[in-house]
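Worksheet: one structure, shown below.
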Amino acid sequence: MNKSHGPAEETHIAQEITSVLPAGSVARVCSDDRDSIRFSVTGEIKLRLVILSRDSLRRLLADPARAVKIEYLQRDLLRSALRRAEFRYPRLSHIIRKSQRPKRLRIAGLAVAALGR
């Protein structure tokens, strides 16, 4: 990963993702945690908050398929704007599933070891 990507590039890609929302409906909110970029959304849509992880945006900057992934995120954001009050990238279910994998593998290994007795 290229370390030269700075906060300005992360912000630029975040604004590119949120640019599909109706004009005048997004206002940037500064994050306290420095781990994410948050956007407050106003308007006729149900969506009120967009949270984008800075780490994920940095990985997206270095990705050769960046344009395709940004287009996918824009479509996902538009679909979510009508149904959900909050949009996160990456989704929390993906983060939880990723963090629980070692635990699941350890439990599966214990089950296999118990069968071998």
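So if each residue of separation counts as 0.36 nm, and I subtract the Cα-Cα distance between Asp63 and Thr42, what length gain in nm does that give?
Result for the pair: 4.5 nm of gain on full extension.
Keeping every protein chain present and rolling a 1.4 Å probe, give me the accessible area per residue for segment 1-84 in Å².
I get 61 Å² per residue for segment 1-84.
Simple spin-label model, 7 Å along Cα-to-Cβ: Asp33 to Ala85 in nm?
1.8
The values are calculated or read from the model by the stated rules, or taken from the named source; none is laboratory data. These figures come from a predicted structure and were not determined experimentally. Note that we place each Cβ from the backbone using ideal geometry, even for glycine, and neighbour counts take in every protein chain shown. We work out accessible area using only protein heavy atoms, side chains counted, and drop any ligands, DNA or RNA first. Shrake-Rupley method; radii C 1.70, N 1.55, O 1.52, S 1.80 Å.
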